[in-house]
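Structure record follows, encoded as structure tokens.
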Amino acid sequence: MNQPLVRPVSSDNPPVRSPRTGLVLRSAAGGVLAALAGLAAGAVAAALLGTRLSPVVAIGSAFIDRVPPWLKDLAISVFGTHDKTALKAGILIVLLALAALGGVLAVLRYWSGAAVVILLAGLAVLAAATRPDAGQTGFVPSFVAGITALLILRLFATRLSGLVTDPQDGVSRRGFLQLSAGVALGTVAVGALGRVVGGRRAAVAEAREALNLPLPPSLDPPAGVQAAGAVPWATPTEDFYRIDTALSVPLITPTDWTLRIHGMVDREVQLNFDDLLKRKVVHKWVTLACVSNEVGGDLIGNALWSGVLLKDLLAEAGPAADADAIKSTSQDGFTAGTPLSALTDDRESMLAFAMNGQPLPVEHGFPVRIVVPGLYGYVSATKWLTEIEVSRFDRFDAYWTPRGWSELGPIKLSSRIDVPRSKATAGQVTVAGVAWDQHVGVSKVEVRVDGGPWQQAELATDASIDTWRQWHWTWNAPRGNHVLQVRAFDAKGDPQIEVQAPPAPDGSTGLHSVDIKVG
Ligand SMILES: Nc1nc2c(c(=O)[nH]1)N[C@H]1C(S)=C(S)[C@@H](COP(=O)(O)O)O[C@H]1N2
Ligand SMILES: [Mo]
């Protein structure tokens, strides 16, 4: 039979700390340290991902949503405006108390202690994942916290297990001390890192809010561009696709931002954010697309961009006659190679600082990015831009070129069916979607059913050749399973390439087909 962990204290057994009590205290401390380390790791993950959902905040938010109103009122009357701090402190105390219990259990039997940690972390993950602002990564900090705590709990359990059989085991005692000191130090260091990153994020968010930018006269899409049933012609910023190589987004305040235009130029140009705003500003609807977009995919979005024409800035620098490209570099080292001609012709390629009337969101390149109508993002749309080198294609490789993507990336003519996507009711069905061939233009869209004759769809108004164009077609749909297909024609009257090709190396081709069950 197991000995009781704590010997009862009686009068003939004076209250000196027994070795057993020491073990309980040590293992409880181990549990608490494991939990603190987990929370620190979770805070760093939250700061890096730019979510406010650290484990404690996630649980706290879920708690706030569920407490009965009388308890909320009571908390506010007792703690006043400190009610949130009190709640966080309360959650922390409960978490650490349970972690202490987990520590004690883990020394006896690792998995019973681990179960406590898994339960707590699971609760936080669930709380975070169900928040409306969870995004796709809201659960990650709580997950990271759980894993970290489990690993450290394991280390403590292993160190302390020696003391279960021999409470006087000096090696285990020293091991425990060393481990505790190491974990405590690590936690403080990681916690400090979290504060730095989190603080930086907050500073950038604040600077972004405080900006007063020259904004477009209107955010309304031009008249007639929207086809009923198709996605919104103007993509809401929060729905705009995001693609980049940045594991954590570069955090640049406008005050820190500078741009250097150099290389094969007559005069190097150095700009800061204020210098940029002093120049002539343009506002322009442009549809951005990613080369990785599969046929029918949604890595494409249309926004109103505000910025300064690259043509004007490049003219200030004076590119050499034999230069044919720019290499643009982001703060985190991404590079894109863009034909000089696409930046100096009349298409109004720009250094954009605003998207849909707001400063660029951090994820979309704050404070300044490039927008070039007609080219895929990987060869043009550098976010968090810091440097432009005027050069020649035969003198550099941009980020994606040695990775199997082609040096030049003009957007390919393509089209997509937005509705219906899978089901329809027999009778008159609206088939609608988008077609695009940025900086060339779309002249015609056709739809066919079950491989039958192509039928002409109705085109919505064209805002410009640099935006996508919406279309719709009314289908007299009979019951049964059917295949809808769409194809677009460019401004010259050439049809979309029908041969199926994957995105690599220079953009997918083929026709978008959807299987529709008509009931
Ligand atoms: N700094 C940086 N800029 C970048 C990228 C990147 O990885 N890093 N990706 C590019 C790619 S591949 C695309 S498709 C667009 C996407 O822009 P968005 O995320 O604003 O939609 O950004 C481009 N700009
Ligand atoms: Mo992309």
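The values are calculated or read from the model by the stated rules, or taken from the named source; none is laboratory data. Treat the numbers as computed from the prediction; the structure is a model and nothing was measured. Don't worry about glycine lacking a Cβ; one is built from the backbone with ideal geometry, like all the others, and counts go over all protein chains shown.
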Need the failing condition index for residue 312 against (1) at pLDDT 95 or above; (2) of a type in the set (D, E, K, R); (3) part of a loop (DSSP other than H, G, I, E, B), just the number.
(3)
When residues of segment 349-396 are filtered for being assigned to a loop (DSSP other than H, G, I, E, B), away from ligand 2 (no atom under 16 Å from the Cβ) and touching an Asp or Glu at 6+ places or on another chain (Cβ under 8 Å), how many remain?
2
Among the numbered conditions (1) modelled with pLDDT of 95 or more; (2) closer than 23 Å to residue 51 by Cα; (3) surrounded by 17 or more Cβ atoms within 10 Å (Cβ to Cβ), tell me where residue 119 comes up short.
(3)
Unmet requirement for residue 356, which otherwise passes all of (1) surrounded by fewer than 24 Cβ atoms within 10 Å (Cβ to Cβ); (2) farther than 19 Å from residue 273 by Cβ; (3) more than 14 Å from ligand 1 (Cβ to nearest atom):
(3)
Of everything in segment 335-353, what is near ligand 1 (Cβ under 9 Å from one of its atoms) and of a type in the set (A, V, I, L, M)? Give them in sequence order.
336
Take the residues in segment 331-341 that are at pLDDT 95 or above and within 16 Å of ligand 2 (Cβ to nearest atom); name whichever of them is nearest to residue 282 (Cα to Cα).
338
Among (1) in contact with a helix residue (DSSP H, G or I) (Cβ under 8 Å, 6 or more places away or on another chain); (2) outside any loop (DSSP other than H, G, I, E, B) - the single one residue 243 does not satisfy
(2)
Reported set for segment 132-177 where residues are outside any helix (DSSP H, G or I) and touching a Leu at 6+ places or on another chain (Cβ under 7 Å) is 134, 137, 138, 167, 169
Over segment 281-309, the set of residues part of a strand (DSSP E or B), over 18 Å from residue 385 (Cβ atoms) and not polar (S, T, N, Q) is 283, 285, 289, 300, 301, 304
Looking for whichever is more than 29 Å from residue 504 (Cβ to Cβ) and in contact with a His (Cβ under 7 Å, 6 or more places away or on another chain) here; the options are 449, 429, 486, 419. Which one fits?
449
How about segment 468-519: which of its residues are in contact with a Lys or Arg (Cβ under 8 Å, 6 or more places away or on another chain), in a loop (DSSP other than H, G, I, E, B) and either without any contact (Cβ under 8 Å) to a residue 12 or more places away in the chain or farther than 18 Å from residue 300 by Cα (or both)?
493, 497, 498, 519
Residue match in segment 199-217 (condition: within 16 Å of ligand 1 (Cβ to nearest atom), at negative phi, β-branched (Val, Ile, Thr) and assigned to a loop (DSSP other than H, G, I, E, B)):
no
Here is a list: 155, 87. Which entry is under 36 Å from the mean Cα position of the chain (by Cα), of a type in the set (A, V, I, L, M) and within 23 Å of residue 53 (Cα to Cα)?
87
Name every residue in segment 435-456 that is under 18 Å from residue 516 (Cα atoms) and aliphatic (A, V, I, L, M), in order of residue number.
447, 449
Go over the candidates 375, 413, 408, 385 one by one and state the one that is within 16 Å of ligand 1 (Cβ to nearest atom), closer than 26 Å to residue 285 by Cα, more than 26 Å from the chain's Cα centre (by Cα) and at pLDDT 95 or above.
408
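Rundown of residues vs (1) buried (at least 18 other Cβ atoms within 10 Å of the Cβ); (2) closer than 28 Å to residue 252 by Cα; (3) without any contact (Cβ under 8 Å) to a residue 12 or more places away in the chain, yes/no style:
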| position | (1), (2), (3) |
| --- | --- |
| 170 | no, no, yes |
| 180 | no, no, no |
| 183 | yes, no, no |
| 186 | no, yes, no |
| 190 | yes, yes, no |
| 193 | no, yes, no |
| 199 | no, yes, yes |
| 204 | yes, yes, no |
Considering every residue within segment 125-143, establish whether at least one is over 23 Å from the mean Cα position of the chain (by Cα), surrounded by fewer than 18 Cβ atoms within 10 Å (Cβ to Cβ) and farther than 19 Å from residue 47 by Cβ.
no
Would you please list the contacts, defined by Cβ atoms under 6 Å and residues six or more apart or on different chains, that run from a residue in segment 229-254 that is in contact (Cβ under 8 Å) with a residue 24 or more places away in the chain and under 19 Å from residue 382 (Cα atoms) to a residue that is in a loop (DSSP other than H, G, I, E, B) and among the aliphatic types (A, V, I, L, M)?
241/299
Scanning segment 422-436 residue by residue, those under 14 Å from residue 474 (Cβ atoms) and without any contact (Cβ under 8 Å) to a residue 60 or more places away in the chain turn out to be 427, 428
